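Worksheet: the structure to be examined is printed underneath.
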Amino acid sequence: MSTRLNDKSADLFYANHLLIVQKINKYLSILSFYLYHFSKAINMGLSSCFENINIPPCIWFETGNRKNAYVSMLAGFLFFSGWWAIIDAGSTTSYIKAGYHMCGVVGTLSLIMVNSVSNAQMRGDIYEGGCLGPRGTRIWLFLGFVMGFAAVIASCWILFANFMEEGHHRAGVSLFLQNALIFVSSIIYKFGRSEDLWG
């Protein structure tokens, strides 16, 4: 009786297997039919539809000097990478306290302060109003750099004071990397651009 049962189950298995193979063959023949007609349509001129589409070039790269565009993109990428590092570390580990994010906020404020002052304002060429004149812009720029250095130094201090235990390096390194990248992006954005094109 058990041999008859094994024979029936084997016959059932082969029948199901044959049915599955037949369905696969059916679907493959349908697929090959559609692929044949699709390739035929492409050869008949479907690809020529895109020949008349004109995409205008990016206006940032139309001028001869592309230095400002490249420097801006590099600084933006570094700034984004710094914040991405701390967001990633904060979402995957529980060792980053809310107060540690103040280093990144101060670094971001430093970037804004440093890059809101042009070199012409520093020299006093175009700045004529205000109570401090060019001296006020120099003080503003100095405070911006002090805040940037303070953010990097504070993140380095937090790294060595709180994250040197075994297994907690990643969160501290991410915090330091965030502030270092923000400061480097601030320096690149300030001194890498050419202000002659501004007029």
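In this label model, GLU165 and ILE153 are separated by 2.8 nm, measuring between points 7 Å along each Cα→Cβ vector.
With R₀ fixed at 30 Å, the C-beta to C-beta distance from MET102 to ARG135 puts the FRET efficiency at about 0.55. Taking 0.36 nm per residue of separation and subtracting the Cα-Cα distance, full extension of the segment from ILE30 to LEU74 would add 10.8 nm.
Backbone geometry of the range 186-193 corresponds, through the Karplus equation with coefficients 6.51, -1.76 and 1.60 at θ = phi - 60°, to 3J(HN,Hα) couplings of 5, 5, 5, 5, 6, 9, x, 8 Hz, x marking Gly and Pro.
Rule-based calculations on the coordinates, nothing more; no lab input. Computed from a predicted model, the values in this text were never measured in an experiment. Positions of Cβ are backbone-derived with ideal geometry, glycine not excepted, and every protein chain shown enters the neighbour counts.
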